[in-house]
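The values are calculated or read from the model by the stated rules, or taken from the named source; none is laboratory data. Here the structure is a predicted model, which means the values were calculated and not measured. Using ideal geometry, Cβ is built from the backbone for each residue, glycine included, and neighbour counts are taken over all protein chains shown.
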Amino acid sequence: MNPLIPLFVVIPLAGAFLIMIIGRFIEEFNKYFTSLVLLFLTCISFYFLFTTGEKIFVYKVGGWEPINSVPIGIYMVMDGFTVIVVCIINLIGFLSAFYSISYIKRYTAGNYFYALFCLMIGGMNGVVLSGDLFNIFVFLEISVISSYALVAFGVESNELEASFKYQILGGLASFLILFGIGFIYWKTKTLNIADIKEAFSSGYNKTTYLFIQILLLSGFGLKAAIIPFHAWLPDAHSSAPSPISAMLSGIFIKAVGIYVIIRLFFNMFVISESMAILITTLGTVSMVIGVFLAIGQWDIKRLLAYHSISQMGYVVMSVGIGMILLSRGAKSEIASLAIAGGIFHLINHAAFKGLLFLNAGAIEYTTGTRNLKEMGGLAKSMPVTSATSFIASMSISGVPPFNGFFSKLIIIIAAIMAKFYLLALLAVIVSIITLASFLKFQRYAFYNKSDNNKNQNIREVPFPMVFSMVVLSIICVLLSLLVLPEIRHAILTPAIDILTDPVKYSTSILVQ
Amino acid sequence: MDLTISIIVGFMILGALYAIHARDLLSSVIACGLVGYSLVICFLLLKAPDLAIVQIVVDTITLIIMVAVVLDSSREESYFKLDSQGYISAITAVFLGLMLLYFYSVSIQSLDVLGKSSLRMAKHYIEGATQKTGSANLVTGVVFDFRGYDTMGEAVVLVTAVLGVLTILRIKGKK
Amino acid sequence: MKGMTIIVKKTTQLIAGMIFMYGIYVIVHGHLTPGGGFAGGVVIAGSFILVTLSNGGDFMKLLKEESGTTIVESLATILVIVIAVSGFLFGTKIFFNNFLPKGIVGHLVSAGVLPLYNIFVGTEVAASIFIIFLSLIIFKEESKG
């Protein structure tokens with residue numbers, strides 16, 4: 001048992017409470033301590049990224065060994081897919097925390113901000129690392145409740161309203177998830193994901209099984225904001241402080257939404273064609289409708305929030321195509337390609353959407369407005385923000401040298417090889433509309449000449465914000481290296497293997 | 001006993017419905033109390049004293065806090081008249097709720113009565129957990145030892161909620 | 001907020017201590033009888049709330065108590081985590097391990113670390129519930145003045 005695995009949860013939680021105690025007596029303690037904690041976590045997550053490979057680490061909390069191969073304690077599981085998500089959580093978390101050092105100066109109660117930030121990171125790490133269904137729910141609540149508070153951190157009336165809407169829909173989602181978990185416990189009398197797979201393999205009633213799947217899909221779909229469950233996302237993501245928007249859009253909807261959906265539907269349930277078609281349809285609908293909702297927006301952060309829905313649609317659609325192919329039995333290579341495209345796009349989206357929200361925060365920090373019509377000519381006064389946001393815009397629109405191009409290309413190729421020509425066509429069209437939308441963003445924000453003299457004495461943002469944006473833009477360019485065979489084989493292939501193999505996950509956990 | 005529990009659950013549903021419809025917030029809060037205390041009796045009848053104790057103290061404290069808040073602020077609920085979109089939303093919500101209820105009733109038919117069949121995981125808790133954890137109270141043994149990690153998470157959820165309340169209730173957000 | 005009549009104040013003085021002691025009893029005997037950290041913590045918070053409600057809080061004094069309660073709460077939670085982590089350092093070196101000797105089943109000092117968990121979770125729950133109550137009063141008065 002690797003003793004480093006529980007540190008991902010323990011360190012952020014302990015850090016949050018240390019901030020609440022020591023931060024009262026020492027000024028400035030909170031900001032540097034948070035960055036240090038997250039830097040340390042990023043280092044150990046990258047250590048795991050390079051050492052995990054095909055292995056599956058299982059940590060039995062409390063040292064309770066299984067009896068007759070039925071687990072009685074809680075398991076933490078680290079495998080090829082987990083490690084990728086853990087890496088992006090801690091990396092984007094570190095950069096957002098570093099960015100906050102100067103951004104959050106304008107707000108009161110910095111201690112609360114950083115404590116809730118650490119709790120959110122700890123909750124997400126707990127969700128991703130957990131191998132136990134109820135444990136997933138507990139840590140999901142930690143991260144979700146802290147995000148409710150962080151969305152309303154500015155305590156303006158519109159922010160409180162967005163947070164209230166988010167709380168109601170989030171509460172509904174938690175109810176559906178808990179209901180589904182209760183049903184699973186009723187049916188199988190166990191909570192461990194691998195053991196549930198074993199228990200279901202001995203036979204199940206079809207109606208009950210379908211009901212559980214629908215409950216969990218709608219619960220986690222609400223957290224992931226797949227259309228038609230998207231109503232809370234544009235308000236919540238646009239009214240939060242910008243580093244929190246980057247966290248919510250960049251990693252939160254992936255860690256507690258998409259990751260859990262993929263994990264449960266590939267490794268816990270038996271893949272069925274009807275569910276796979278449903279998931280693909282939901283993904284396609286979010287991809288298309290999200291971009292059409294985005295194109296008319298003039299508020300930068302709302303525009304970016306709607307694009308999050310659309311880009312998550314790509315991920316869900318591509319993973320859904322993989323599920324359809326797997327459920328038909330044949331062509332596992334094309335299925336692997338589709339799932340690879342989905343996971344690759346998930347990683348890329350974390351990088352460029354995090355960067356875009358940080359850019360939006362920088363613009364708001366200097367000009368004080370989020371309306372595109374009131375900006376203009378910022379390219380001269382804010383060169384770094386302009387350059388990094390250009391890289392991010394080109395990445396999200398899928399322009400060749402950047403990372404978004406390769407992941408979208410893989411998704412489209414997989415759709416064509418699987419003979420879903422309509423989906424491939426839609427993916428191309430949505431990509432073009434995304435490009436148009438981001439050209440509008442670039443032109444109005446950075447290149448248009450502005451009439452008023454208000455924008456004359458604008459200067460570049462302080463160092464911590466510049467540092468985070470530059471690092472993320474470098475990551476955006478470097479991530480396209482993931483398409484090279486050697487690197488892809490080292491990082492993406494273990495994740496795909498664990499998802500496509502129907503029994504590898506459960507057997508290798510229960511044997512250990 | 002099934003009949004008793006059914007009657008109590010019926011009371012709970014009536015209390016919840018009244019809590020939504022009452023114009024006076026104080027009577028709405030007290031109707032919520034009815035739901036909570038009925039749940040305590042259900043837990044006692046189902047032989048779960050630990051849950052009953054937690055439920056009764058939490059319900060009492062919540063009731064006290066809610067009554068204090070309602071008495072200090074306004075007792076009248078602000079009332080909005082439903083427009084056409086509101087009616088559509090209400091009808092959709094009722095429809096979805098009925099659909100959930102229907103699928104629930106269909107899908108529980110194949111399941112066994114909870115607690116009366118062989119348990120896969122909890123069997124090993126019941127057999128010899130006292131020796132393994134050293135705790136005479138089996139519930140504490142399960143909550144703090146076998147699933148202690150979950151309990152730590154729940155304690156943290158409570159702290160997170162408190163920090164969230166303190167954050168949202170600030171008067172001034174920006175300097 | 002104002003206090004209540006002298007009858008209520010006197011009765012509260014007599015009762016609050018007993019409620020507090022009962023909360024401590026529930027927490028300490030959590031591993032022997034039904035109850036435990038969560039239930040006992042809420043009972044303790046109830047005794048504090050009773051005193052605050054009957055005597056009425058002077059607003060400035062309450063503000064000080066709010067910060068003290070936050071510290072107690074954070075400290076208690078961090079101690080829970082410290083005990084969990086100390087499983088790493090002692091015994092079989094496993095996170096959340098019950099590393100202390102189990103003792104005789106049924107005695108007050110038994111069951112390894114479980115009574116310690118109960119005590120710290122109880123402290124944390126009491127502080128949390130009391131802080132929610134205080135913050136609802138304090139911030140209301142602050143917005144008036």
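Go over the candidates A:202, A:239, A:163 one by one and state the one that is modelled with pLDDT under 90, under 28 Å from residue A:468 (Cβ atoms) and within 13 Å of chain B (Cβ to nearest Cβ).
Exactly one of A:202, A:239, A:163 is modelled with pLDDT under 90, under 28 Å from residue A:468 (Cβ atoms) and within 13 Å of chain B (Cβ to nearest Cβ), namely A:239.
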Do the conditions hold for residue B:116, that is, is it exposed (fewer than 10 other Cβ atoms within 10 Å of the Cβ), within 25 Å of the chain's Cα centre (by Cα) and of a type in the set (D, E, K, R)?
-> yes
Please give the number of the condition residue A:13 fails out of (1) closer than 30 Å to residue A:347 by Cβ; (2) more than 10 Å from every other protein chain (Cβ to nearest Cβ); (3) touching a residue at least 40 places away in the same chain (Cβ under 8 Å).
-> (2)
Note on segment B:159-175: residues facing chain C (nearest Cβ under 8 Å) and over 19 Å from residue A:120 (Cβ atoms) are B:169, B:171
Counted residues, segment B:74-130 - those being outside any loop (DSSP other than H, G, I, E, B), without any contact (Cβ under 8 Å) to a residue 12 or more places away in the chain and of a type in the set (A, V, I, L, M, F, W, C) = 14
Among the residues of segment A:51-73, write down those that are surrounded by fewer than 18 Cβ atoms within 10 Å (Cβ to Cβ), free of Cβ contacts under 8 Å to residues at least 60 places away in the same chain and on the phi < 0 side of the Ramachandran plot.
-> A:51, A:55, A:65, A:67
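Does segment A:120-158 hold any residues that are outside any helix (DSSP H, G or I), buried (at least 24 other Cβ atoms within 10 Å of the Cβ) and facing another protein chain (nearest Cβ under 10 Å), and which are they?
A:130, A:132, A:152, A:153
Among B:69, B:156, B:94, which is closer than 23 Å to residue A:175 by Cβ and facing another protein chain (nearest Cβ under 7 Å)?
B:156
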Considering every residue within segment A:68-91, establish whether at least one is more than 10 Å from chain C (Cβ to nearest Cβ), in a strand (DSSP E or B) and under 20 Å from the mean Cα position of the chain (by Cα).
-> yes
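Out of all the residues in segment A:373-420, which are outside any helix (DSSP H, G or I) and of a type outside the set (Phe, Trp, Tyr)?
The answer is A:375, A:376, A:377, A:382, A:398, A:399, A:400, A:401, A:418, A:419.
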Options A:171, A:182: the member that is facing chain B (nearest Cβ under 10 Å), over 19 Å from the mean Cα position of the chain (by Cα), assigned to a helix (DSSP H, G or I) and without any contact (Cβ under 8 Å) to a residue 40 or more places away in the chain = A:182
Extreme residue, farthest from residue A:176 (Cα to Cα), among residues of segment B:84-112 that are touching a helix residue (DSSP H, G or I) at 6+ places or on another chain (Cβ under 7 Å) and not aliphatic (A, V, I, L, M) = B:110
Quick check: is even one residue across segment C:12-26 over 10 Å from the mean Cα position of the chain (by Cα), facing chain B (nearest Cβ under 10 Å), under 21 Å from residue B:155 (Cα atoms) and not hydrophobic (A, V, I, L, M, F, W, C)?
-> no
Inside segment B:131-153, the number of residues satisfying the requirement of being in contact (Cβ under 8 Å) with a residue 24 or more places away in the chain and either away from chain C (no Cβ under 14 Å) or in a loop (DSSP other than H, G, I, E, B) (or both) is 1
